[in-house]
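Taking it in order: structure first as structure tokens, then the write-up.
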Amino acid sequence: MRRTRAAVAVMALTGATLVTAAGTAGAAPVEGPRAVAACPTGWGSGAKGGAAVGAEHLTDIKTGQHECYDRIVFDVPGGGDRIGYHVQYVDRFHADPSGRYVPVAGGAVLDIHVDAWSYDLEAGKPTYPGKVGEALPGVNVSGYRTFRDARFGGTFEGRTQVGLGVRARLPFRVSRLDGRVVVDVAHSWTS
């Protein structure tokens, strides 16, 4: 009698499982843990540059966090998509042209030059309020996965310089968009 009850219970459970599975087969899947994004690789960590087509004025520097990288954006209204830049890793960050050493926190430092003035000579006033050696105004990279620090290096002969401290010497890319230069630093070397 016990065997019969056990067999009937097993058959009932099996049938209920099959009916439930068949009933939910066409339903939308329940969202589980989010899949890890396939992050781009192959950017490299070598120096990158783009030629300039005239100097405009830098008006703002912003940062943002993305799933695969941290981003810093240089706003240069009127610069179009041909704003000059040069970005490379350096052992120590030195402000141009003084050569003054500016400490930048992080395991590696990107020396970023953007062909844009931070000061309007005709108007006699800054277009971007950065001070040499100080943190970038309005930029807070605490809590970022890759960025550790961002320091203003100054402007000399139409080129503005920023020292960007990152966690390690990681791959990066530089893009020119309409009125902006964008530097993305990957969170890791692999996806």
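The values are calculated or read from the model by the stated rules, or taken from the named source; none is laboratory data. All figures in this text were calculated on a predicted structure; none of them were measured in a lab. All Cβ positions, glycine included, derive from the backbone under ideal geometry; neighbour counts span all protein chains shown. SASA here: full protein model, heavy atoms, side chains in, ligands and nucleic acids out. Shrake-Rupley method; radii C 1.70, N 1.55, O 1.52, S 1.80 Å.
The set of residues in segment 76-95 that are out of contact with any Phe, Trp or Tyr (no Cβ under 9 Å at 6 or more places or on another chain), outside any loop (DSSP other than H, G, I, E, B) and closer than 15 Å to Glu56 by Cβ is empty.
On the given criteria, is Gly64 out of contact with any helix residue (DSSP H, G or I) (no Cβ under 8 Å at 6 or more places or on another chain) and modelled with pLDDT under 95? In short, no.
Where residues in segment 139-173 are aromatic (Phe, Trp, Tyr) and within 11 Å of the chain's Cα centre (by Cα), which of them is farthest from Leu58 (Cα to Cα)? So that I can check it myself, show each step before the final result.
The initial filter retains those residues of segment 139-173 that are aromatic (Phe, Trp, Tyr), namely 144, 147, 152, 156, 172.
Subsequent filtering for residues that are within 11 Å of the chain's Cα centre (by Cα) retains 144, 147, 172.
Numbers: Tyr144: 24, Phe147: 21, Phe172: 22 Å.
My answer is Tyr144.
Within segment 161-181, residues that are within 12 Å of Tyr89 (Cα to Cα) and among the aromatic types (Phe, Trp, Tyr) reach partners that are outside any loop (DSSP other than H, G, I, E, B) and open to solvent by less than 10 Å² (accessible area, probe 1.4 Å) with beta carbons closer than 8 Å, at six or more positions or on different chains, in the pairs Phe172/Val87; Phe172/Leu110; Phe172/Val183; Phe172/Asp184; Phe172/Val185; Phe172/Ala186.
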